[in-house]
Amino acid sequence: MVVKEKERLAVAVQKSGRLNEKSLALLSQCGLSFDAPKSNDKLILRSPDLPVDLMMVRDDDIPEYVASGICEMGVVGQNVLEERRLSEPGADGVEVLRELGFGRCRLSIAVPASAPFEGASSLEGRRVATSYPGLLRGFLARSGAKAEIVHLSGSVEIAPSLHIADAICDLVSTGSTLQSNGLREVLNVFESQAVLIGTARPVPDVVARTRGQMLTRIDGVRRAERSKYIMMNAPRSALPAIQKALPGLEAPSVIPLGGGGDRVAVHAVATEDVFWDTMEKLKAAGASSILVLPIEKIIA
Ligand code: PRT
Ligand code: ZN
């Protein structure tokens with residue numbers, strides 16, 4: 001039996017699957033390294049850098065690990081979290097600490113490509129197969145269509161061809177699974193991404209300090225992902241037009257260029273994506289030698 005050391009922060013992460021790699025990459029960007037598991041069934045990975053242990057589990061179990069306080073934090077899809085909240089009354093005990101921007105997908109209703117469909121009312125009296133009965137039930141109640149929910153734990157997309165159901169409600173990202181099963185997406189039920197969750201239970205002070213440190217680092221990584229460092233040369237008179245083109249520009253440094261002219265170098269962090277059309281606006285405003293660089297980490 002594993003005895004948990006309460007001075008270490010335990011983070012539940014999907015052991016293998018769609019969220020595993022990006023969850024580990026985020027933690028690694030936060031300065032944590034973990035030894036590769038010696039065997040595939042190793043459940044706990046210990047970080048030598050900070051007092052943090054990773055608990056490698058199935059994604060469906062992550063909310064429960066966090067709610068019960070076995071883990072103080074976890075990374076899980078909003079779809080799993082919301083389904084648990086809706087289908088297990090009284091199951092709570094977790095709070096969403098941060099949206100993480102990866103693992104994006106949508107829970108959608110799909111019907112056979114050739115079937116007529118004119119909105120939610122077309123589901124009236126039909127059978128809809130899903131692994132998300134709670135989310136689907138809520139959606140049907142809101143849309144006023146009475147349909148029978150067929151609860152399957154996997155391979156939902158083959159239910160119509162097996163005549164187990166007339167439609168399905170499943171997660172979609174690229175849509176290729178639906179297409180290859182002769183289905184078309186008709187209604188969106190829920191938008192999802194990975195979130196960082198935390199336990200609502202009391203946490204020992206020393207663990208709470210590590211949790212605070214992790215949150216600051218995660219915020220730094222996420223902020224850096226969205227931000228760019230931008231450098232350009234421009235006439236001083238163009239500064240208002242540059243600010244207008246880049247409203248997310250934070251306190252730019254304005255440095256006179258050698259040669260005594262009116263031209264200055266402008267260096268700043270842009271807190272939003274810098275697209276080609278923004279760069280074209282900067283050029284039109286008189287800027288030249290515009291460089292946009294990625295930022296690795298930020299602490300405000
Ligand atoms: O073993 P374990 O229980 O941990 O994993 P799992 O098999 O239950 O989950 P996994 O790894 O498939 O997904 C983990 C989480 O990733 C989900 O809970 C979602 O939050 C998120 N996610 C993002 C997805 C998808 N995209 C996704 N496309 N989860 C599943 N899918 C499946 C979908 O069910 C369908 O079968 O991929 C297929 C559709 O993909 P497209 O690209 O063909 O549309
Ligand atoms: Zn799962």
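The values are calculated or read from the model by the stated rules, or taken from the named source; none is laboratory data. Predicted model only: the values in this text are computed from it and were never measured. Cβ atoms come from the backbone with ideal geometry, glycine included; neighbour counts cover every protein chain shown.
The table that follows gives values for the structure above.
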quantity	calculated
Qualifying position, being under 24 Å from the mean Cα position of the chain (by Cα) and either assigned to a helix (DSSP H, G or I) or more than 16 Å from ligand 1 (Cβ to nearest atom) (or both), among 109, 149, 218, 197	218
Selected residue [assigned by TED's automatic domain parsing to the domain that holds residue 54, surrounded by fewer than 19 Cβ atoms within 10 Å (Cβ to Cβ) and on the phi > 0 side of the Ramachandran plot] from 125, 119, 90	90
All positions within the range 61-83 that are within 15 Å of ligand 2 (Cβ to nearest atom) and either part of a strand (DSSP E or B) or modelled with pLDDT under 95 (or both)	74, 75, 76, 77
Residue within the range 176-186 that is of a type in the set (Val, Ile, Thr), touching a Phe, Trp or Tyr at 6+ places or on another chain (Cβ under 9 Å) and either within 15 Å of ligand 1 (Cβ to nearest atom) or closer than 19 Å to residue 113 by Cβ (or both) present	yes
Residue in the range 93-107 that is farthest from ligand 2 (Cβ to nearest atom), counting only those that are farther than 21 Å from residue 219 by Cβ and surrounded by fewer than 21 Cβ atoms within 10 Å (Cβ to Cβ)	93
Selection from the range 15-27 of residues that are closer than 12 Å to residue 54 by Cα and away from ligand 2 (no atom under 16 Å from the Cβ)	24, 27
